[in-house]
Amino acid sequence: MDENNVKVIVPKSGKCSWGKCIFCGYGKEEHPVNVQVLKAWLDRQLLDFSGDTLKVYCSGSFLDDNQFPPEFRRYLVEKCKEKGIKHLEIESRPEFITDEKLKEFEGLDLMIGIGLEVADNDALKRIAKGFTVEDYIKAANLIHEHGFKVKTYLLVNLPIPNARELFHKSVEFAKKYSDKIVIMNLLPHGRTPMLDMWARGDWKPLSRKEFEGWVKDYLDDPKIEVEFETFKFVPSIPPEKRVYLKGVGKEFVDHPWYNIWQDWFARIYEPPAGRDIALFVPCSYTKPYSRSKTHKLIDRAIKSSGKEKRVHKLVISSPGVIPFEFNDHYPFNAYDWDEKLETPEIMKFYIEKNAERIENYLRNHKNHYKYFVAYFRLEAESLEALKRACDKLGIELKLGYDPETYKKLVEEGEKKPLFRAELLNQLSETLKNLD
Ligand code: SF4
């Protein structure tokens, strides 16, 4: 497909009339409805466009008068004709697809996307889709009667019984009514029941590999598109559910928000390309970590090693393993663990839980890294957890400094040996000596 020939626009107007599908956060967004603003916005969008295909994605229904007043729809159709845009794609729920509305698009090659997700009424009820398979069929037939095309969206990995079997049945079903099918991976938006299901451990998103297993039979079908990620997904905890996680105890290690992120880091996240030196480091009291003295000193040591572009910093702390580029994301910027309050029992739990999390992370990402370096206090629980995970996976872990220097500094009464130039210089040397 010639990218210059296709324009994708995402007009923000009104609200999805339904807004209850359990995986969708877009449907809960609301924007002012203002025809003049929409028209001016469209003019700007199409100003330099000379292609022949326009795709309008709207999170809801382009054919819903409350979301997109008819005056704006007519304007868009006129604009398309004026600019030589022949192919138009829009999206709508079935209840808005009527004879009258379809007539508005005469003269254009129109394709309407319908989010069917799964072709089974019981499953549709479970995901709160708010329409039935029969509604979809009626709408699809009407679209075809008008000489237009149907695009059907299906979701993999829905939280329903026999999800995989129903998915394959849905693809076969959709083929009968669709000119195009888009199979999408289910990634839960912030304000959705699916995110809570993930937090409770009742459901989890698929990794890329798992997704590929679900869709492998359809890759050669010219009618079918598969999309692992339609947007750059990271777990997003809605602001109203964010709490400052201050405390020491199992609940401040094994917290659902931490667990969601740990699952995502281990199975779905991809470490940044080219960063093949995993440098495990402690957290800091100051959040985000990047503002702390600890991390500024470590960063200086990394810089002086000349390996700045190859080092991937990974913090180990009560939330688990945290790739440093997420240090200003919630909850990693909103917790506080006071080591002075630790008990032997909680230390044991911390080590076991984090050893398991590190192991999960490294099992999936160890091939990304060539070297594994640690810079913690010798007696740190995080170091113990890291050692256990590396031992289990047969990974060679290097300590960033000479333990004898560390012990000597401690004997001399140094309370913060990691801040000392002797150890920081050794860290820099350790990194410098990696080929
Ligand atoms: S999936 Fe579509 S119909 Fe459902 S809430 Fe989201 S925008 Fe609305």
Among the residues of the stretch 316-336 satisfying the criterion of being of a type outside the set (S, T, Y) and in a strand (DSSP E or B), which is modelled with the lowest pLDDT? D336
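Results for (1) within 22 Å of I237 (Cα to Cα); (2) acidic (D, E), shown as yes or no for each residue.
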residue: A163; (1), (2): no, no
residue: H168; (1), (2): no, no
residue: A199; (1), (2): yes, no
residue: D202; (1), (2): yes, yes
Mind checking which residues of the stretch 397-414 are under 40 Å from the mean Cα position of the chain (by Cα) and among the basic types (K, R)? K398
Members of the stretch 1-59 found to be within 13 Å of the ligand (Cβ to nearest atom), in a loop (DSSP other than H, G, I, E, B) and out of contact with any strand residue (DSSP E or B) (no Cβ under 9 Å at 6 or more places or on another chain), listed by number: C16, S17, W18, G19, K20, I22, G25, E29
Might you let me know whether the stretch 33-40 holds any residue that is aliphatic (A, V, I, L, M), surrounded by 15 or more Cβ atoms within 10 Å (Cβ to Cβ) and in contact with a Ser or Thr (Cβ under 7 Å, 6 or more places away or on another chain)? yes
Out of K12, K103, K55, K20, which single residue is surrounded by fewer than 18 Cβ atoms within 10 Å (Cβ to Cβ) and more than 32 Å from the chain's Cα centre (by Cα)? K103
Residue ID - farthest from G190 (Cα to Cα), chosen from residues in the stretch 239-270 that are in a loop (DSSP other than H, G, I, E, B) and of a type in the set (V, I, T): V248
Considering only residues that are under 20 Å from G14 (Cβ atoms) and among the β-branched types (V, I, T), look in the stretch 66-92 and name the one that is farthest from the chain's Cα centre (by Cα). V77
Given the criteria surrounded by 14 or more Cβ atoms within 10 Å (Cβ to Cβ) and in a loop (DSSP other than H, G, I, E, B), does Y401 qualify? yes
Taking the residues in the stretch 60-90 that are part of a helix (DSSP H, G or I) and either among the aliphatic types (A, V, I, L, M) or within 16 Å of the ligand (Cβ to nearest atom) (or both) as candidates, determine which candidate is farthest from G25 (Cα to Cα). V77
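The values are calculated or read from the model by the stated rules, or taken from the named source; none is laboratory data. From a predicted model like this one, the values you see are computed outputs, not experimental measurements. Every residue, glycine among them, receives a Cβ derived from its backbone with ideal geometry; neighbour counts consider all protein chains shown.
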